[in-house]
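Read the structure below first, then the notes.
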């Protein structure tokens, strides 16, 4: 039952992200636009490149969708609404999301095209930049919760949300998760203006539809992860005298985070993965270590 | 035959199968990804042995490691796409015999040695994580710190070996 | 074979032995340095399975068993880093990492 609810939620979230993305990039708010786009994907002809690596070509988009859905399995929307409360939940999110890289490499190599392949390798460079910035802030979060259980992490923020407790970690995680979801300005590997679509260049029809859906679900999953790690998950406060139910709080927060992620990308130039690498390793990782140190001291003083 | 035995056998078989695929395909990218899935199946096998932390860690670490391996494969092989079906092996008979003998020897040891009584009680996943953390920071701290220092040394050594030497005469290259 | 031995342990050890055998075959038969490293990774994976199986079925109360697996993962990472560094240096100097050609020091 929980599984179905969460899957439905992910689908709904993906739909809203599509609407938002359309709104932000084209300036028109159309509730029905993604529906038409999806129907068009279904109806359009699927071109297959002349000499594809058949297995990789077919598996790539599906693996992207699968890894995003798997990562959502340990994310609680309310205290009870969670697919599986793993004892190593915070680590499991990482483990599932690393397969986004594998999916992009496979999708890039599969069609036997230069643009797609370069796009895939660019994402490998980006992974080496952002990977540590995903893991290290989560370490600091788990230090405060004294547990890797995601539900425990949410309840540890009862007195003060982590965004106020460790703002540095939040900033790093936010940027890194934008890089993970290859949102603009980190979308060198699928940008239309850079590589004629990069990894997406050789995909069309259904397969491109699955690829896009996987990316939308990935954005929702990452926004949900940000919410449970830093924004207190389902916890809320009294608003104008009455209280919202927990699932509503989760939904509202996830929407706000998604909106912020999409809006920031709108006003930034694209960042090359070489620049991202040097910034992440020379500035980001020292800051993340500082964050772990500061949180360690804070946990000892004011838990 | 319990469910656990079935899953261990299944994932072990998958892992071995992907391990064989690594050396049977001509495409280097397929080879690297097959090794990745071999290691992932191993992670799933750890999960079915109820070592949750190590299973998840294995699945996470190997994805990054093998993807990096993939780019090196494509960089350094003469025929990364495998379209030419180049034979990249030597001393095949010797290797087959050595592999088979080591397999049979290890299986014989596994079957014929008396391993002693099997443990019945077992800590749950959360308790395991706590135990492992305490072990790392208590009794085995020195060993783990040594591992950390070794990684740091390896990183510095690798960078030093791999860095491009600058020619003194022209100052650029 | 004693009667109280568990079938799971034997299956896991067999899988470890098979991984080890495949790894030995790969490390000996391949001519390319990167492929040889893949064989070594498989050998280490086989060792990892064995240690985890021993920990799980014989001594689940000793956390040092799990730590041993962690150390092997570290060894795998170190092996990759150093191996690729050597591969890069060799490729830059000689233009290939074929081990058949690496006979410069042969007497």
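Laboratory data are not the source of any read-out in this text; all were calculated from the coordinates shown. What you are looking at is a predicted structure, and each value in this text was computed from that prediction instead of being measured. All Cβ positions, even for glycine, are placed from backbone atoms using ideal geometry, and neighbour counts span all protein chains on display.
For region B:48-59, what are the residues that are surrounded by 20 or more Cβ atoms within 10 Å (Cβ to Cβ) and either more than 8 Å from every other protein chain (Cβ to nearest Cβ) or outside any helix (DSSP H, G or I) (or both)?
Keep residues of region B:48-59 that are surrounded by 20 or more Cβ atoms within 10 Å (Cβ to Cβ), which gives B:48-49, B:51-59.
Answer for region B:48-59, where residues must be surrounded by 20 or more Cβ atoms within 10 Å (Cβ to Cβ) and either more than 8 Å from every other protein chain (Cβ to nearest Cβ) or outside any helix (DSSP H, G or I) (or both): B:48, B:49, B:51, B:55.
Looking at region A:117-129, is at least one residue part of a loop (DSSP other than H, G, I, E, B) and without any contact (Cβ under 8 Å) to a residue 12 or more places away in the chain? No, region A:117-129 contains no residue that is part of a loop (DSSP other than H, G, I, E, B) and without any contact (Cβ under 8 Å) to a residue 12 or more places away in the chain. On the given criteria, is residue A:49 surrounded by fewer than 17 Cβ atoms within 10 Å (Cβ to Cβ) and over 21 Å from the mean Cα position of the chain (by Cα)? Yes; evaluated as a whole, the condition is true for this residue. Output yes when any residue across region A:54-65 is assigned to a helix (DSSP H, G or I), touching a residue at least 12 places away in the same chain (Cβ under 8 Å) and under 28 Å from residue A:248 (Cα atoms), and no when none is. Yes, there is a match, as at least one residue in region A:54-65 is assigned to a helix (DSSP H, G or I), touching a residue at least 12 places away in the same chain (Cβ under 8 Å) and under 28 Å from residue A:248 (Cα atoms). Name the single residue that is farthest from residue A:206 (Cα to Cα) among those in region A:7-37 being more than 21 Å from the chain's Cα centre (by Cα) and part of a helix (DSSP H, G or I). Applying the filter and picking the extreme gives A:26.
Whether any residue in region A:244-264 is out of contact with any strand residue (DSSP E or B) (no Cβ under 8 Å at 6 or more places or on another chain) and in a loop (DSSP other than H, G, I, E, B) is what I want to check. Yes, some residue in region A:244-264 is out of contact with any strand residue (DSSP E or B) (no Cβ under 8 Å at 6 or more places or on another chain) and in a loop (DSSP other than H, G, I, E, B).
Does any residue of region A:96-108 turn out to be more than 28 Å from residue A:193 (Cα to Cα) and in a helix (DSSP H, G or I)? Among the residues of region A:96-108, at least one is more than 28 Å from residue A:193 (Cα to Cα) and in a helix (DSSP H, G or I), which makes the answer yes. The helices (runs of 4 or more DSSP H) found wholly in chain C and carrying at least 1 residues that are at the interface with chain B (Cβ under 7 Å from one of its Cβ atoms), in contact with a strand residue (DSSP E or B) (Cβ under 9 Å, 6 or more places away or on another chain) and closer than 30 Å to residue B:47 by Cβ occupy C:33-57. Of the helices (runs of 4 or more DSSP H) lying entirely inside region B:90-173, the ones with 2 or more residues being under 21 Å from residue C:15 (Cα atoms), in contact with a helix residue (DSSP H, G or I) (Cβ under 9 Å, 6 or more places away or on another chain) and without any contact (Cβ under 8 Å) to a residue 12 or more places away in the chain are found at B:92-112. Of the residues making up region A:198-213, those that are in contact with a helix residue (DSSP H, G or I) (Cβ under 7 Å, 6 or more places away or on another chain) and surrounded by fewer than 24 Cβ atoms within 10 Å (Cβ to Cβ) number 9.
Within region B:1-37, the residues that satisfy the criterion of being at the interface with chain C (Cβ under 7 Å from one of its Cβ atoms) and within 13 Å of the chain's Cα centre (by Cα) are B:15, B:16, B:19, B:22, B:35.
Please go through region A:172-197 and give me each residue that is part of a helix (DSSP H, G or I) and either buried (at least 23 other Cβ atoms within 10 Å of the Cβ) or touching a helix residue (DSSP H, G or I) at 6+ places or on another chain (Cβ under 8 Å) (or both), ordered by number. If you could, list the steps in order and put the result at the bottom.
Within region A:172-197, the first condition is being part of a helix (DSSP H, G or I), and the residues that meet it are A:172-180, A:192-195.
The answer is A:172, A:173, A:174, A:175, A:176, A:177, A:178, A:179, A:180, A:195.
Which residues, taken from region B:92-115, are surrounded by 12 or more Cβ atoms within 10 Å (Cβ to Cβ), facing another protein chain (nearest Cβ under 7 Å) and over 19 Å from residue C:49 (Cβ atoms)? Residues satisfying the conditions are B:92, B:94, B:95, B:96, B:98.
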